[in-house]
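Each remark here refers to the structure printed beneath this line.
The values are calculated or read from the model by the stated rules, or taken from the named source; none is laboratory data. Predicted model, so just to flag it, every value in this text is computed and none were measured. Accessible surface areas use protein heavy atoms only, side chains included; no ligands, DNA or RNA. Shrake-Rupley method; radii C 1.70, N 1.55, O 1.52, S 1.80 Å.
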Amino acid sequence: MSATAELPTKEAHVLKGHEGAVLAARFNGDGNYALTCGKDRTIRLWNPHRGILIKTYKSHGREVRDVHVTSDNAKFCSCGGDRQVYYWDVSTGRVIRKFRGHDGEVNAVKFNDSSSVVVSAGFDRSLRVWDCRSHSVEPVQIIDTFLDTVMSVVLTKTEIIGGSVDGTVRTFDMRIGREMSDNLGQPVNCISISNDGNCVLAGCLDSTLRLLDRTTGELLQVYKGHISKSFKTDCCLTNSDAHVIGGSEDGLVFFWDLVDAKVVSKFRAHDLVVTSVSYHPKEDCMLTSSVDGTIRVWKK
């Protein structure tokens, strides 16, 4: 059985409903549901395996750029062009809190493991940390050592990692208050972390994905072939960490072998820019979203 036969390259469903570009598609923690968001200012909850829209959430005043759901699937956070971070109740559709403080549009949001904290990445060159349990709408911490827009954020148990247009991936150790900076020399527009926690994958605007050792910052591998020059396009790893996935501005999705960086599969997923790729936590299943207004569910 070839490795590529195990990859989700067959279209199972097309999720339609968004008007205009879909900017992010994310599986929830167990992979049973998906949240999507986009230019139409809405967030949508789907059962991607049946191709069914469950609920639509509206409150944002401008486009919604990112969304992340808590591990118990009860709450989610979202952010976008209206400079605010929204904290929602999934079942009621109610906004529990709006976190204000960013001086510009907000590009990305992530919960920590316990879903007690949300971290947001903004055009104002900052990462902001918000406490979901307190009633304060002020950030509990602001990290503003970046020199340009922060595009992406990932969290480990003890660290906040941000990727910026200033060409750096910066890691902040929350226990000791230490910052490490890895300069990639190219604008970083997406970062994700390997499932074993050892590596950070950074998507850069020179059409290259770079794999870094999380503790040393050493460049382990580079992945090329896709186009990423002017749009925010996602990158991630498969749940086994065997392959790297990247979206491309020409509508293709690429799979690379993690170790030797060979392109093992590429296929047309959309007619226009692929904005988002999300891999199922347990199964060989993937979501892609696009400027073409659709989300597609891929299975092997």
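Net length available on complete extension from Thr158 to Lys229 is 22.4 nm, with 0.36 nm assigned per residue and the Cα-Cα distance removed. Express the carbon and sulfur contribution to the solvent-accessible surface of the chain as a percent, rounded to the nearest whole number, probe 1.4 angstrom. Using a 1.4 Å probe with all protein chains present, the chain comes out at 48 percent carbon and sulfur. In terms of its alpha-carbon gyration tensor, the chain comes out oblate; a/c meets the 1.5 threshold, while b/c is at least as large as a/b.
Centre-to-centre, using Cα atoms only, region 72-125 and region 136-168 are separated by 14 Å. Residues whose amide H comes within less than 5 Å of that of Leu220, counting only those at least five positions distant or on another chain, are Leu211, Leu212, Asp213 (H built at 1.01 Å from N in the peptide plane).
When the P(r) of region 135-259 is calculated, the portion above 26 Å amounts to 19% of the C-alpha pairs.
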